[in-house]
Amino acid sequence: MMSMYVETARDHEIINRTTAVAQCRGWSMTDVLLAWLTRRVTSPVLGFTSIARIDEALGARGKALTDEEEAFSEELYTARRIMGHL
């Protein structure tokens, strides 16, 4: 399922880092990503394909990453072209 978005070894490492932060906090990867995202925008636009995805998003409310976790998560990131349903 993630293969559409995973193109490089760097992508795999970003996923590994997200997983590591999630495991350290006892959170899901969705929690980590939404906590990261909400510090950057005032209203993230989310598309839900199931009730389970809505429940995941609601479960992320009130969760925040530390500055160190954000730096760790962002260290390898570089902007890429938009992918998906656009």
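Each reported figure results from applying straightforward, stated rules to the coordinates on display, with no laboratory input. Values in this document were obtained by computation on a predicted structure and should not be read as measured data. Positions of Cβ are backbone-derived with ideal geometry, glycine not excepted, and every protein chain shown enters the neighbour counts.
Summing charges over all other residues whose Cβ lies under 13 Å from the Cβ of GLU74, with Lys and Arg as +1 and Asp and Glu as -1, gives -2. Judged by the mean number of other Cβ atoms found within 10 Å, the most tightly packed of the peptides 50-61, 71-82, 9-20, 27-38 leads the ranking 27-38, 9-20, 50-61, 71-82. Using a simple spin-label model with pseudo-atoms 7 Å out from Cα toward Cβ, LEU76 and ARG61 lie 3.3 nm apart.
Normalised by residue count, segment 2-74 yields a Cα convex hull volume of 105 Å³ per residue.
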